[in-house]
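Remarks on the structure that follows.
The values are calculated or read from the model by the stated rules, or taken from the named source; none is laboratory data. The shown structure was predicted, so the numbers you read here are calculated from the model rather than taken from an experiment. Methodologically, a virtual Cβ is constructed for each residue, glycine included, from the backbone with ideal geometry; neighbour enumeration extends over all protein chains shown.
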Amino acid sequence: MRKKVTKEKIWRTLQLERDLQHKIQEFNLEAGSLVLVKNSVIEMSADRKMKPRYLGPIVVVRKLRRDAYILAELDSSVWQNRVAAFRVISYLSRKKIDFTREVQGLLDVSEEDLKELVAGREEIPLENTDAITNL
């Protein structure tokens, strides 16, 4: 009986993989790729039918190691928050944007600010209220 149940589990797992092979995709997006970002803000709202499900097209500035992206709008403004990879899907474009130094110079953010976004911002500790009042 135990062998029969184990065999059935393996068969069902393989069947599930076959059924979902076209739905589960991992996009390997590089700098300059055009993407769409899932609008997760509207998921629980009552009027979500009337709002856009995806935002974009948006340009990938950098891919981070922990499955996140730094993105920029087409008007060169850079998003200040990192976006998780599960929210990003590839945009089917006719051609790819070459993300050269000149294009990066057109972004609405300096190289130091971009490095700070990649590294992640440090929060101001609550006990350090002098730093908050000096802002």
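Residues checked against (1) in contact with a Cys (Cβ under 6 Å, 6 or more places away or on another chain); (2) of a type in the set (S, T, N, Q); (3) assigned to a strand (DSSP E or B); (4) under 26 Å from Asp113 (Cβ atoms):
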{"residue": "Thr13", "(1), (2), (3), (4)": "no, yes, no, no"}
{"residue": "Glu17", "(1), (2), (3), (4)": "no, no, no, no"}
{"residue": "Ile58", "(1), (2), (3), (4)": "no, no, yes, yes"}
{"residue": "Tyr69", "(1), (2), (3), (4)": "no, no, yes, yes"}
{"residue": "Asn81", "(1), (2), (3), (4)": "no, yes, no, yes"}
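Under the condition of being hydrophobic (A, V, I, L, M, F, W, C), without any contact (Cβ under 8 Å) to a residue 40 or more places away in the chain and surrounded by 10 or more Cβ atoms within 10 Å (Cβ to Cβ), which residue from the range 11-35 is nearest to Leu71 (Cα to Cα)?
So the first thing to find is which residues in the range 11-35 are hydrophobic (A, V, I, L, M, F, W, C), and the list is 11, 14, 16, 20, 24, 27, 29, 31, 34-35.
Checking the rest, the ones that are also without any contact (Cβ under 8 Å) to a residue 40 or more places away in the chain come to 11, 14, 16, 20, 24.
From what's left, surrounded by 10 or more Cβ atoms within 10 Å (Cβ to Cβ): 11, 14, 16.
Details: Trp11: 41, Leu14: 36, Leu16: 34 Å.
Within the range 11-35, the match that is nearest to Leu71 (Cα to Cα) is Leu16.
For the range 35-50, the condition holds for no residue, the condition being that it is part of a loop (DSSP other than H, G, I, E, B), at pLDDT below 85, within 16 Å of the chain's Cα centre (by Cα) and within 30 Å of Glu116 (Cβ to Cβ). Restricting Glu102, Glu30 to those that are acidic (Asp, Glu) and not in a loop (DSSP other than H, G, I, E, B) reduces the list to Glu102. Just for the range 103-112: of the residues that are acidic (Asp, Glu) and without any contact (Cβ under 8 Å) to a residue 24 or more places away in the chain, which one is farthest from Val59 (Cα to Cα)? That would be Glu112.
For the range 116-135, which residues satisfy the criterion of being within 21 Å of the chain's Cα centre (by Cα) and either surrounded by 11 or more Cβ atoms within 10 Å (Cβ to Cβ) or at pLDDT below 70 (or both)? The answer is Glu116, Leu117, Val118, Gly120, Arg121, Glu122.
Going by the conditions given, is Arg62 buried (at least 17 other Cβ atoms within 10 Å of the Cβ), of a type in the set (D, E, K, R) and free of Cβ contacts under 8 Å to residues at least 60 places away in the same chain? Let's see the steps before the verdict.
Values: buried (at least 17 other Cβ atoms within 10 Å of the Cβ): yes; of a type in the set (D, E, K, R): yes; free of Cβ contacts under 8 Å to residues at least 60 places away in the same chain: yes.
Yes, satisfied.
Find the residue count for the range 37-58, including only residues that are touching a residue at least 24 places away in the same chain (Cβ under 8 Å) and under 17 Å from Ala84 (Cβ atoms).
If we filter the range 37-58 for residues that are touching a residue at least 24 places away in the same chain (Cβ under 8 Å), which is where we start, we get 37-38, 40, 54, 56-58.
Imposing the further condition that a residue be under 17 Å from Ala84 (Cβ atoms) reduces the set to 37-38, 40, 54, 56, 58.
Total meeting the criteria: 6.
Scanning the range 77-104 for residues that are in contact with a helix residue (DSSP H, G or I) (Cβ under 9 Å, 6 or more places away or on another chain) and modelled with pLDDT under 85 yields Ile97, Gln104.
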